[in-house]
Amino acid sequence: MRRALWMILSLTLLSSRSECHEAVLHVTDSGLQREYCIVYNASWSNISSSLGDAEQYRLVNLTRTTLCNASGVSPESVKGAAVCVMRGDCSFSQKAQVAQQLGAAALLIASTKPMGTPVANDSDSKVTIPLALMRYHDFLDMQKVFSEPMEVQLYAPPTPDFDPSILIMLAIAVFTVAMGGFWSGAAEKAKQSVTVLSAGEEKSDSGDLTLYSPWKVVLFVVLMCVMLVLMYLYFKYLVYVIIVIFCFASATGLYSCLEALLNAVGCSKLSVSCLEKSISVRNMLLAAVCITLSVVWGVYRNEDRWIWILQDVLGIAFCLNFMKTITLSNYKICVILLSLLLVYDVFFVFITPFFTANGESIMVQVALGPDAGGEKGGGGVFIPADPTPTNEKLPVVMRIPRFAAWAENLCEMQFSILGYGDIIIPGLLVAYCHRFDVWIGSSNRIYYVSCAVAYTLGLVLTFVVMLLSKMGQPALLYLVPFTLITSGVLAWRRSEFRQFWAGTTYQMETLNIPAE
């Protein structure tokens, strides 16, 4: 179970958001209207930013041809209209120049393949009419829904850089870190007995694991690097292994969280006897609910419109249980682990694009899936030709829909995301700070509160830099310095740095108990 938790952790360090040139095709006939996704190149095609300002065109169906030449097309039939042709056989610019020669006012290219932002180059300066790609699936739907003649308008509503989903993501992350740290400290306070193992691990009756050895931390990070590279190379096979592990780990985490909550409110277990054994009805029902929710997520994991809610709930439970199960013994271990993972995060986000074939980072492609990561053609990502795609993604991020991205969500649900690792890794330090408060008898939980506030400020800075740079950020680049420096300086100012650095090892030395 612990190996599975660390396997998932190796894939969870990401904070990112995708950009593409999505726009809206507004279709009307007598009294009926509907909108569809189109993809265009903003540097190539001039499309209005609002529906009110968008020019209205008569739509002409030329999907019987790819329009690589003007043969068989009457100029009178397309003059001043938006024509829809099939993709293929020649370049986009060649189709557009033929459409211009025929007198068309706009060109729609129906695609049965994933749609990338059309590439523009110097030779395409002859194209003066708006050009956009649309799903052939959507064109067939238009023919079923609307009667002839159809009128269309093309517009690209501006997407604000700031989206309210970021505030919700901030609240989820801070809540999870604060609650995980609080739970770890409360468990430490309630702990009655500890068994010291000669292998260098401290294990309590609850099955929690405390890391003492720096070499084990280094080994964990090395294994995380290997796992990430393997996922990059063999994603389509290993993704299902991670999905199964997540279903099991999240169900276990949700059970642990709900059981602790029910115990805290004093809910009876309603035990019954069977074959001289006592069985808790409450726990059986709780297990059934957790397993059911996990299975529901596994079955409907690609239903982006609503499954993100369940994934976030399971993700919060997974993170809380991880912070409760895996504990760091002292500040030295915290410094080693967080520093190594900071290097890991920065390397796989910023450095690996120089080594990959498409110039995309390994971290982004693994976390979002190779199909979602996009290819660097025209500066945008690819929109699936099927409006209900089933591209597998790793369940390693919190996901909140970007509410303001209307055109983008019309093409494919766009999310603000934060990797579980950006919650768990600093959360382990917050949890250690709370346990240290328990060890020194701090009634105001000064270390816990200070580290939680530092995490909040670090995450705010992460989002600010992301908005200003308009690109995803390795969140640990900001979270690790904020939390480590804050907790370390606090211990130094309170003249408790020696105890804070040594942690439980210091306690054992003062009690003349061997640490290993």
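Under the simplified labelling scheme, the residue 295-residue 403 pair shows an inter-label distance of 3.5 nm, with each label point 7 Å from Cα along Cα→Cβ.
Normalise the Debye intensity by I(0) for the range 22-155, one equal point scatterer per Cα, no solvent, then take log10 at q = 0.09, 0.10, 0.13, 0.15 Å⁻¹ and round to two decimals. Log10 of I(q)/I(0), two decimals: -0.22, -0.27, -0.47, -0.64. A simple charge model with +1 on the Cβ of Lys and Arg, -1 on the Cβ of Asp and Glu and nothing else charged puts the dipole of the range 22-155 at about 340 debye relative to its Cα centre. How much FRET efficiency would the formula 1/(1 + (r/R0)^6) give for residue 140 and residue 76, where r is the Cβ-Cβ distance and R0 is 30 Å, rounded to 0.05? Efficiency, from the Cβ-Cβ distance: 0.70. Computed extension gain for residue 161 through residue 457, at 0.36 nm per residue and net of the alpha carbon distance, reaches 104.6 nm. Loop-located trypsin sites (Lys or Arg not before Pro) across the range 55-103 with a Cβ neighbour count of 11 or fewer within 10 Å are 64, with loop assigned by DSSP. Label separation (residue 347 vs residue 233): 1.6 nm, computed from points 7 Å beyond Cα along the C-beta direction. By other beta-carbon atoms within 10 Å, ranking 223, 459, 337 with the fewest at the front produces 223, 337, 459. Net charge of the neighbourhood of residue 150, taken over other residues with C-beta under 9 Å away and scored Lys/Arg +1, Asp/Glu -1, is -2.
Going from the fewest other Cβ atoms within 10 Å to the most, the residues 27, 366 appear in the order 27, 366. Only one residue of 136, 45, 82 has its Cα farthest out toward the positive end of the dipole of the range 38-182, where Lys and Arg carry +1 and Asp and Glu -1 on Cβ, and that residue is 136.
What number comes out for the charge environment of residue 480, summing +1 per Lys or Arg and -1 per Asp or Glu over other residues with Cβ under 11 Å away? Surrounding charge for residue 480 is -2.
Based on DSSP, what percent of beta bridges with both residues in the range 22-155 are antiparallel, to the nearest 5?
In the range 22-155, DSSP labels about 55 percent of beta bridges as antiparallel.
When each of the peptides 134-141, 327-334, 419-426, 466-473 is scored by how many other beta carbons lie within 10 Å of its residues on average, the order from highest to lowest is 419-426, 327-334, 134-141, 466-473.
Karplus-derived 3J(HN,Hα) values for the range 487-500, using 6.51 cos²θ - 1.76 cosθ + 1.60 with θ = phi - 60°, are 5, x, 5, 4, 5, 5, 5, 8, 6, 10, 5, 4, 5, 5 Hz; glycine and proline are entered as x.
Output the relative contact order of the range 22-155, whole-number percent, from Cα pairs under 8 angstrom with separation of 6+ residues.
Working: 267 pairs, mean separation 50.1, N = 134.
Once divided by the residue count of the range 22-155, the mean separation gives 37 percent.
Annotation: the residues 36, 448, 432, 237, sorted from fewest to most other C-beta atoms within 10 Å of their own C-beta, follow the order 237, 36, 448, 432. Once both labels are positioned 7 Å from their Cα atoms along Cα-to-Cβ, the gap between residue 262 and residue 91 label points is 6.6 nm.
We did not get these values from a lab; they are worked out from the coordinates using the rules stated. This structure is a prediction, so every number in the text was calculated from the model and none was measured. When we count neighbours, we look across all protein chains shown, and the Cβ atoms used for this are built from the backbone with ideal geometry, even at glycine.
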